[in-house]
Amino acid sequence: MSGLPGASSAGAEDGPFLMPVEDVFCLQQGRVVMATGRIERGRAHEGDAVEIIGPGGNATARIAGIEMSRTSIGEARAGMNVGMRLRGVAADAVRRGQVLAAPGSVSACNGFTADITLLSEEQGGADIASGDRLCFYVRTAAVWGTVTLPEGADVVRPLHGAGVTVALEEPVVLQRGQSFAFRHHGRAAGSGIVTHLPR
């Protein structure tokens, strides 16, 4: 499930580079790692340094090459589906759900507040109470988290919404306005928008 819409808009190219990692491949007996994904914002060039941030920990690497449709290109920009060949990082340090980002431009969070809306019962929505453990889908990441309802609220019912606080079991890169989806009891249960991040 993808993140913010509008990644291919003109303004998206002006921000710092960010690419959610969809798949990871090992090349040249593991000496080179290739991360594939769709660039959400910014531009990247061969030789650029990047941070790898998100579930599983953080690392740094350098872009050894960029491929698009099996053709090497010197620059990639927002909206492109590409493969980034990375040097200086172990294969097990890169995984789906992380992001490649311009150094210092983003950080990962273990929690957030959000406005959520539940699906109907027919679509899979079910009552959600404080303390329920849900699986949250943010960009390419799937991370478990525990939801807390506002004081005085016992439950959120299907087709209703609420402002909630979420404590994640692994950190993910988030921003205000970030869209996400979540599952409950193994079924699609609803969606939400991040409204606040911890400082």
### Message
I need the full set of residues from the stretch 122-161 which are basic (Lys, Arg) and under 24 Å from the mean Cα position of the chain (by Cα), in order please.
### Response
Arg133, Arg139
### Query
Only one of (1) polar (S, T, N, Q); (2) surrounded by fewer than 16 Cβ atoms within 10 Å (Cβ to Cβ); (3) touching a residue at least 60 places away in the same chain (Cβ under 8 Å) fails for Ser120. Which number is that?
(3)
### Task
Keeping to the stretch 170-180, report how many residues are surrounded by 18 or more Cβ atoms within 10 Å (Cβ to Cβ) and more than 20 Å from Gly131 (Cβ to Cβ).
5
### Task
Within the stretch 38-62, track down each residue that is part of a strand (DSSP E or B) and either more than 23 Å from Glu169 (Cβ to Cβ) or among the β-branched types (Val, Ile, Thr) (or both).
Arg38, Arg41, Arg43, Ala44, His45, Ala49, Val50, Ile52, Ile53, Thr60, Ala61, Arg62
### Message
What's the total number of residues in the stretch 45-73 that are in contact with an Asp or Glu (Cβ under 7 Å, 6 or more places away or on another chain) and either closer than 27 Å to Ala142 by Cβ or of a type in the set (Ser, Thr, Tyr) (or both)?
### Response
5
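Of the residues Gly57, Gly37, Gly65, only one is open to solvent by less than 10 Å² (accessible area, probe 1.4 Å) and closer than 26 Å to Cys135 by Cβ; which?
Selected residue: Gly37, the only one of Gly57, Gly37, Gly65 that is open to solvent by less than 10 Å² (accessible area, probe 1.4 Å) and closer than 26 Å to Cys135 by Cβ.
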### Count of the stretch 129-160 residues which are under 30 Å from Met19 (Cα atoms) and open to solvent by less than 60 Å² (accessible area, probe 1.4 Å)
13
### Query
Listed residues Glu121, Glu67; which is under 18 Å from Asp23 (Cβ atoms) and of a type in the set (Asp, Glu)?
Glu67
### Task
Filter the stretch 30-41 down to residues that are under 11 Å from Val99 (Cβ atoms) and not aliphatic (A, V, I, L, M), then give me how many there are.
3
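State all residues of the stretch 26-56 that are modelled with pLDDT of 90 or more, touching a helix residue (DSSP H, G or I) at 6+ places or on another chain (Cβ under 9 Å) and within 29 Å of Gly145 (Cα to Cα); if no residue qualifies, say none.
Across the stretch 26-56, the qualifying residues are Ile39, Glu40, Arg41, Ile52.
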### Message
Restricting to the stretch 182-191, name every residue that is open to solvent by less than 20 Å² (accessible area, probe 1.4 Å) and either over 16 Å from Gly163 (Cβ atoms) or within 14 Å of the chain's Cα centre (by Cα) (or both).
### Response
Phe182, His184, Ala189
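The values are calculated or read from the model by the stated rules, or taken from the named source; none is laboratory data. Not measured: the values here are computed from a predicted model. Cβ: placed from backbone, ideal geometry, glycine included. Neighbour counts: every protein chain shown. Surface areas here come from the heavy atoms of the whole protein model, side chains and all, with no ligands, DNA or RNA. Shrake-Rupley method; radii C 1.70, N 1.55, O 1.52, S 1.80 Å.
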